[in-house]
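Participant: Next up is a structure, given as structure tokens.
The values are calculated or read from the model by the stated rules, or taken from the named source; none is laboratory data. This structure is a prediction, so every number in the text was calculated from the model and none was measured. All Cβ positions, even for glycine, are placed from backbone atoms using ideal geometry, and neighbour counts span all protein chains on display.
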Amino acid sequence: MVRVPRGVGPATVLLAAAGLGALVGAAVGGFPDLHVYRYGGDVVLHQERLYAQDDPVTGYPFTYPPFAAVLMVPLALVPGWLAAALWTAASAAALVAAVVVSLRMLDLPAPGRLVAALGAGALALEPVWQSLSFGQVNLLVMVALLVDLRDPERRWSGAMVGLVAGVKLTPLVLVVLLVLAGHRPAAGRAMLAFAGTVVLGFVALPGSASAYWTDGLLDARRVGPPALAHNQSVYGALTRALGEPAPGWLWVAVAGPVALAVVGLAAVCSRRGRRLLAICLGAVAMLVASPVSWSHHWVWVVPLTLVLWQRSRLAGVTWATLFAVRPIVWPPWAHGREYDWRWFEHLPGNAYLLGALVLAGAVALRTARRP
């Protein structure tokens, strides 16, 4: 284990994490989702159709809005090894930054040794190492939202939420949180920024943008098999329970009220000054509402663990352990085997989703007892 000298600050740890991430990224390379991102940037450069074909390297489709492809252009302009180095460095730095921001939002000290220990420990959590190994954007999304929402009264707060929603649509749920928590100017800035990303997508790729916002927007199967155990959303759980993709009306009827209830709870927490918990609950609502929430989307386990640890050591350890032992793959999975799960296999198979709902219920009970 790397020893961190006394007196080293969090900024030094962040730079060290970025440097180590760059070295690992350049040496390993071949991150599948990063290949898809670079493919999206290349499509923008050559004015091709973004959703008409898949990435030739991985065979995966580009599933994000056109604005995301515009942002990926710089990755397409550099060699693959350099793109992997830069991307992994940014993701590692984002993980450390998320730890620092979370500690400060909880009014806890953030010495370098503690930040390094928590950042290293987070690598044991399945969403974190999965996100890094795939070359996913999740850690960058998380830290951007944390930084933007830590003080919704700031002049430009909310703008980053809108920009991130232009990359992944689910942060639009946080606009509802801002409205319910009484931060309507920030919500307005978020929607204005999001509208700007849509317009930019049409300017850069008009044909692809039209195809995305009309045909592909609500098709959950375009991002992969929804029954896969790694899809820890309400839609995924319903699909596995029914033995076939859940009809849209059922998904909306179940996921909609659940997500709205969690957002409402987050708004109450925000109004009571528990802002980090509110942001994390808003993220849980995003994961509940989305038709596909892959396990690596659940990187919000990191700040949520810190929130729970401050309140209860047992709760914090239990929450982190859930994501370290990875019960979602204990039952048979992949190749449609989720459709044959017995009733008791749905418990570990939906562990992330069920754990989040239990957590939200516990927060609701505690909040009701302390008006």
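Participant: Going by the structure shown, is Val199 without any contact (Cβ under 8 Å) to a residue 24 or more places away in the chain and of a type outside the set (Asp, Glu)?
Facilitator: yes
Participant: Can you tell me which residue is surrounded by the fewest Cβ atoms within 10 Å (Cβ to Cβ) among those in the stretch 121-153 that are under 24 Å from His35 (Cα atoms), among the small types (Gly, Ala, Ser) and in contact (Cβ under 8 Å) with a residue 60 or more places away in the chain?
Facilitator: Here the residue is Ser133.
Participant: Given the residues Ala364, Ala267, Ala320, which is the only one that is under 22 Å from Leu172 (Cβ atoms), in a helix (DSSP H, G or I) and not β-branched (Val, Ile, Thr)?
Facilitator: That would be Ala267, the only listed residue that is under 22 Å from Leu172 (Cβ atoms), in a helix (DSSP H, G or I) and not β-branched (Val, Ile, Thr).
Participant: When Thr63 is evaluated against the numbered criteria (1) of a type in the set (Ser, Thr, Tyr); (2) surrounded by fewer than 23 Cβ atoms within 10 Å (Cβ to Cβ); (3) touching a Gly at 6+ places or on another chain (Cβ under 6 Å), which criterion, by number, is the only one it fails?
Facilitator: Single failed check for Thr63: (3).
Yes/no matrix, rows are residues, columns are (1) at pLDDT 95 or above; (2) of a type in the set (Asp, Glu); (3) in contact with a Phe, Trp or Tyr (Cβ under 8 Å, 6 or more places away or on another chain); (4) farther than 30 Å from Tyr212 by Cβ:
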residue: Pro74; (1), (2), (3), (4): yes, no, no, no
residue: Leu82; (1), (2), (3), (4): yes, no, no, no
residue: Ala90; (1), (2), (3), (4): yes, no, no, no
residue: Ala98; (1), (2), (3), (4): yes, no, no, no
residue: Ser102; (1), (2), (3), (4): yes, no, no, yes
residue: Ala122; (1), (2), (3), (4): yes, no, no, yes
residue: Val128; (1), (2), (3), (4): yes, no, no, no
residue: Val143; (1), (2), (3), (4): yes, no, no, no
residue: Pro152; (1), (2), (3), (4): no, no, no, no
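Participant: Anything in the stretch 107-120 that is crowded, with 24+ Cβ neighbours inside 10 Å and either among the aliphatic types (A, V, I, L, M) or under 17 Å from Leu281 (Cα atoms) (or both)? List them, or say none.
Facilitator: Hit for the stretch 107-120 is Val115, nothing else.
Participant: Let me ask something additional. Taking the stretch 89-126 as the search range and keeping residues that are over 30 Å from Asn231 (Cβ atoms) and among the charged types (D, E, K, R), which one is nearest to the chain's Cα centre (by Cα)?
Facilitator: Arg104
Participant: Continuing with the same structure: Has the stretch 200-214 got any residue that is closer than 18 Å to Met286 by Cα, out of contact with any strand residue (DSSP E or B) (no Cβ under 7 Å at 6 or more places or on another chain) and not in a loop (DSSP other than H, G, I, E, B)?
Facilitator: Among the residues of the stretch 200-214, not one is closer than 18 Å to Met286 by Cα, out of contact with any strand residue (DSSP E or B) (no Cβ under 7 Å at 6 or more places or on another chain) and not in a loop (DSSP other than H, G, I, E, B), which makes the answer no.
Participant: Quick check on the stretch 284-298: of everything there that is assigned to a helix (DSSP H, G or I) and within 11 Å of the chain's Cα centre (by Cα), which residue is nearest to Leu357 (Cα to Cα)?
Facilitator: Out of the qualifying residues, it is Val284.
Participant: Further question: Of the residues that make up the stretch 127-134, is at least one aromatic (Phe, Trp, Tyr), under 19 Å from the mean Cα position of the chain (by Cα) and under 21 Å from Ala278 (Cβ atoms)?
Facilitator: No: zero hits.
Participant: Can you name the residue in the stretch 230-245 that is over 23 Å from the mean Cα position of the chain (by Cα) and of a type in the set (A, V, I, L, M, F, W, C) and is also surrounded by the fewest Cβ atoms within 10 Å (Cβ to Cβ) among such residues?
Facilitator: Leu242
Participant: Which ranges mark the helices (runs of 4 or more DSSP H) fully within the stretch 34-111 that have 2 or more residues being charged (D, E, K, R) and under 29 Å from Asp151 (Cα atoms)?
Facilitator: none
Participant: State whether one or more residues within the stretch 234-243 are at pLDDT below 95, over 21 Å from Val299 (Cβ atoms), part of a loop (DSSP other than H, G, I, E, B) and small (Gly, Ala, Ser).
Facilitator: Within the stretch 234-243, one or more residues are at pLDDT below 95, over 21 Å from Val299 (Cβ atoms), part of a loop (DSSP other than H, G, I, E, B) and small (Gly, Ala, Ser).
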